[in-house]
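What follows is a short report on a single structure.
Any read-out appearing in this document is the output of simple, stated calculations on the displayed coordinates, not a laboratory observation. Everything numeric in this text was worked out from a predicted model, so none of it was measured. Heads up, the Cβs are rebuilt from the backbone with ideal geometry, glycines too, and the neighbour counts pull from every protein chain shown.
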There are 2 protein chains.
Amino acid sequence: MPVLVMKFGGTSVATLDRIRRAAKRVGVEVANGYDVIVIVSAMSGETNKLVGFVDETSPLYDAREYDAVVSSGENVTAGLMALTLQEMDVPARSWQGWQVPVKTTSAHANARIEEIPTENITAKFAEGMRVAVVAGFQGLSDENRITTLGRGGSDTTAVAFAAAFGADRCDIYTDVDGVYTTDPRVTSKARKLDRIAFEEMLELASLGAKVLQTRSVELAMRYKVPLRVLSSFDEQTDEAGTLVCAEEEIMESNIVAGVAFSRDEAKMTLISVADRPGIAAAIFGPLAEAGVNVDMIVQNISEEGRTDMTFSCPINQVKRAQQAMDKAKASGEINFHDLVADENVAKVSIVGIGMRSHAGVAAKMFAVLRDEGVNIKVITTSEIKVSVLIDRKYMELAVQSLHDAFELEKAA
Amino acid sequence: MPVLVMKFGGTSVATLDRIRRAAKRVGVEVANGYDVIVIVSAMSGETNKLVGFVDETSPLYDAREYDAVVSSGENVTAGLMALTLQEMDVPARSWQGWQVPVKTTSAHANARIEEIPTENITAKFAEGMRVAVVAGFQGLSDENRITTLGRGGSDTTAVAFAAAFGADRCDIYTDVDGVYTTDPRVTSKARKLDRIAFEEMLELASLGAKVLQTRSVELAMRYKVPLRVLSSFDEQTDEAGTLVCAEEEIMESNIVAGVAFSRDEAKMTLISVADRPGIAAAIFGPLAEAGVNVDMIVQNISEEGRTDMTFSCPINQVKRAQQAMDKAKASGEINFHDLVADENVAKVSIVGIGMRSHAGVAAKMFAVLRDEGVNIKVITTSEIKVSVLIDRKYMELAVQSLHDAFELEKAA
């Protein structure tokens with residue numbers, strides 16, 4: 001029988017009633033003739049509670065023990081979902097990550113899936129089991145210890161199972177009814193997209209849209225797993241939600257698919273750095289070693305052998321970045337006058353595969369922001385996106401203006 | 001290095017503060033030169049919450065999924081305990097049951113430990129790890145599924161580890177400071193015992209004293225593991241708590257060691273059963289098959305080929321017993337007039353290895369109850385105990401009178 005993967009996030013399994021509701025959806029797909037693999041998150045609030053316990057116990061925790069603790073929420077939901085399905089006379093059983101086993105790297109708290117053997121679950125399907133409920137977010141390292149995949153990791157679990165089992169589709173049930181042109185809380189003109197290309201979704205996810213974990217989209221793109229994002233609270237129809245799919249499957253699309261934004265950015269400027277060959281490596285090497293995720297970089301024109309170097313990073317890594325730079329300065333690796341952090345910035349991005357074939361999209365974006373009096377601090381571009389760093393107070397204005405200017409409220 | 005097993009129950013790990021307090025105790029034993037195996041329960045309330053989820057989801061649940069769900073509480077505590085010890089610079093790590101693995105039977109929700117391989121943990125001790133924190137109550141079946149050992153099963157986990165590792169002692173930390181002559185809530189004259197023989201503890205545990213799981217005492221007796229019951233809330237001294245040990249290690253003891261009682265009994269009477277050879281088998285066979293734990297049995301004198309048969313069983317098995325008897329009657333296996341259940345009874349028992357060498361102990365018990373006007377409904381005896389079933393309203397009176405009559409407030 002064809003296989004379908006269905007993933008239910010924390011809010012979709014927050015109570016026993018919601019688990020029943022989710023189980024009914026699963027029952028519909030079983031009746032449609034699918035063998036279903038259900039991936040579940042922890043009941044909402046549970047993982048945060050467990051993370052809180054770990055943080056309070058040991059601020060610089062052993063990530064192996066962190067994983068052993070925080071993975072337990074998914075196990076509870078998996079068992080309860082299997083029991084609920086059994087009550088509905090749907091043959092089901094639960095699997096914890098180590099039982100499959102979901103083999104991962106040993107990068108605890110941020111592991112990557114390496115392999116998902118399909119034999120055990122396939123054998124049970126052959127015996128008549130119709131639903132395998134798998135605890136999301138977790139795996140097993142070579143050292144036989146529990147790993148977790150990072151926050152939002154259950155999305156990645158779902159896509160990895162869909163790829164391993166050659167599923168027809170991977171449905172991600174969440175608390176929003178699809179992917180929007182931008183966050184509807186910022187502009188009421190935001191429109192739900194029926195379809196979006198993997199590449200666009202990948203940019204949107206990594207630029208701040210929280211609907212899917214970035215890695216899950218990467219994986220779906222690599223293995224060509226059609227991904228549907230839909231709400232577990234609405235009635236289900238064939239047209240519900242947003243289908244994330246290959247570019248070729250989208251007939252018409254706007255030049256710009258969506259506007260993403262992130263408030264979690266900080267701008268760091270190294271003032272008066274001695275400009276010499278290798279200076280970028282001398283700065284960004286130590287930052288990478290310290291685990292700082294540098295995003296945008298801009299270097300001023302050099303004057304009298306000195307320059308300013310600006311970069312952005314997540315706001316919760318500012319302290320780490322400062323320590324790394326102070327250490328590099330103390331060891332003589334680099335020489336700068338001052339390091340200034342600006343935490344009142346936001347990143348706004350436009351994303352669309354149409355940009356590849358349309359010139360002038362970036363220029364139009366800059367003109368729109370200029371007309372609104374928004375000063376641009378840093379710019380980065382890729383083939384299908386343009387991002388700018390601006391003062392945080394202008395963020396909503398920038399998003400609304402760009403949404404209007406590119407007419408995102410209208411379907412292509 | 002010698003090995004010590006320390007088990008902390010739910011109230012001893014109910015909060016992060018209490019886990020820290022427990023970890024300090026562990027640190028003291030590490031400083032004393034022990035390699036320590038710590039067995040932890042779930043934080044108090046957690047297992048009940050999970051059992052509640054399962055019961056609400058599926059009243060006649062699949063016990064394999066029940067085990068997958070309810071075992072998760074212990075995993076959380078094990079990780080948090082390991083992190084707490086690491087914070088105190090004590091090298092520690094956690095193990096879940098399947099990681100050891102604690103091999104059990106496949107009797108889900110009531111599995112028995114079959115084997116505990118020691119290689120993994122011993123190897124870590126050899127590398128310098130000082131504490132192995134193991135999630136109690138859980139194991140792994142041959143089918144690679146999680147099992148649990150029944151309520152209170154962490155005591156059994158602790159004793160089984162102590163036996164497997166040849167531990168010097170198994171310390172059970174709980175919310176009471178030892179084993180008492182009877183429940184102090186029933187008589188203020190109840191006295192903490194410094195020592196008690198395995199056999200006595202076994203009878204007390206199976207007769208209703210809730211301080212230790214019966215199977216843990218059985219196991220301790222079979223493998224001669226000295227067991228110490230003590231409070232995690234008191235200051236620790238060498239004389240703290242109660243040592244459960246071999247008879248030979250107790251110099252002097254009272255004839256009666258303690259008075260146990262249980263409110264969880266029901267009396268069932270089959271009225272006017274046709275008396276014939278094999279009738280007992282015809283009655284108790286079907287009851288055993290239905291999973292009814294019959295405790296006491298008494299058969300009236302036969303009159304005109306018919307008799308009454310009375311037995312006791314746990315109060316929550318009354319319905320099951322009735323169904324089994326109705327089915328046996330319908331199939332013609334047995335013939336009786338009526339089945340009467342009396343749920344207003346209690347069982348009171350006196351226990352002591354001294355009874356073996358002292359005659360007249362049972363007679364004295366019956367006289368004490370007679371003098372208080374307490375009617376005895378059923379009696380059973382063994383070499384070291386006498387149990388009676390009485391009206392529940394007399395239970396406290398019976399316990400107090402027997403405690404006084406056998407002078408249990410005085411040490412031997």
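Computed over the Cα atoms of segment A:295-393, pair by distinct pair, the Kirkwood hydrodynamic radius stands at 15.7 angstrom. Relative to the longest principal axis of the Cα atoms of chain A, the long axis of helix A:16-31 lies at roughly 70 degrees.
Listed values for segment B:73-88 are Karplus-derived 3J(HN,Hα) couplings in whole Hz (6.51 cos²θ - 1.76 cosθ + 1.60, θ = phi - 60°), namely x, 5, 5, 4, 4, 4, x, 5, 5, 4, 4, 4, 5, 4, 4, 8, and x replaces Gly and Pro. With Rh defined as the Kirkwood radius, the inverse of the mean 1/r over Cα pairs, the Rg/Rh of segment A:3-175 is 0.96. In units of the rule-of-thumb radius 2.2 N^0.38 Å, segment A:88-193 shows an alpha carbon radius of gyration of 1.29. Here's the picture: a label point sits 7 Å out from the Cα of B:Asp17 along the beta-carbon direction, and within segment B:216-236 the residues with their amide nitrogen under 18 Å of it are B:232-235.
Within 10 Å of the Cβ of each residue in A:53-63, the mean number of Cβ atoms contributed by other protein chains is 5. Under the classification rounded if a/c is under 1.5, otherwise prolate if a/b is larger than b/c and oblate if not, where does chain A fall, given a ≥ b ≥ c as square roots of the Cα gyration tensor eigenvalues? Taking the square roots of the gyration eigenvalues as a ≥ b ≥ c, chain A is oblate. Each Cα pair under 8 Å and six or more residues apart adds its separation to the average, and for segment A:1-69 the resulting relative contact order is 38 percent. With label points set 7 Å from Cα along Cα→Cβ, the inter-copy distances at B:Asp234 are 6.4 nm, sorted shortest first. Closest approach of any chain B Cβ to the axis that rotates B onto A belongs to B:Ser72, 2, distance given in whole Å.
Projecting the alpha carbon convex hull of the protein assembly as shown along each direction and taking the average yields 43.2 nm². Over segment A:275-397, Cα pairs under 8 Å with separation of 6+ residues give a relative contact order of 23 percent.
Less than 5 angstrom separates the built amide H of B:Ala209 from those of B:Phe261, all sequence-distant by 5 or more or on a different chain. The other copies place their A:Ser272 label points at 11.1 nm from this one, listed shortest first, where each point is 7 Å from Cα along Cα→Cβ.
Set the Förster distance to 22 Å, then compute FRET efficiency between B:Ala280 and B:Leu397 from the Cβ-Cβ distance, nearest 0.05. Plugging the Cβ-Cβ distance into 1/(1 + (r/R0)^6) gives 0.10. Once backbone amide H atoms are built at 1.01 Å from N, A:Arg93 has A:Val131, A:Val133 as its partners under 5 Å, excluding neighbours fewer than 5 places away on the same chain. Based on C-alpha pairs under 8 angstrom that are at least 6 apart in sequence, segment A:3-175 has a relative contact order of 31 percent. Take each residue of peptide A:81-88, count the partner chain Cβ atoms within 10 Å of its Cβ, and average: the result is 5. Mind checking which aspartates and glutamates have their C-alpha under 19 Å from B:Lys103, skipping anything on the same chain fewer than 8 residues away? The reachable aspartates and glutamates, counting only those whose Cα sits under 19 Å from B:Lys103, are B:Glu65, B:Asp67, B:Glu74, B:Glu114, B:Glu115, B:Glu119, B:Asp142, B:Glu143, B:Asp155, B:Glu218.
Counting Cβ atoms of other protein chains within 10 Å of each residue's Cβ and taking the mean over peptide B:91-99 gives 4. With respect to chain B, whose longest principal axis is taken over its alpha-carbon atoms, helix B:279-289 is tilted by about 30°.
Applying a DSSP loop filter and a limit of 16 other Cβ atoms within 10 Å to the GluC sites (Glu not before Pro) in segment B:87-157 leaves B:Glu127, B:Glu143. Here is how the number arises for chain A: DSSP H runs of 4 or more residues each give -39500 (n - 2.57), the sum is divided by the residue count, and the result at 222 nm is -10000 deg cm²/dmol. Distances between copies of A:Ala290, taken at a point 7 Å out from Cα along the Cα→Cβ vector and listed shortest first: 7.3 nm.
The GluC sites (Glu not before Pro) of segment B:250-317 that meet both conditions, a loop assignment by DSSP and at most 15 other Cβ atoms within 10 Å of the site Cβ, are B:Glu252, B:Glu304.
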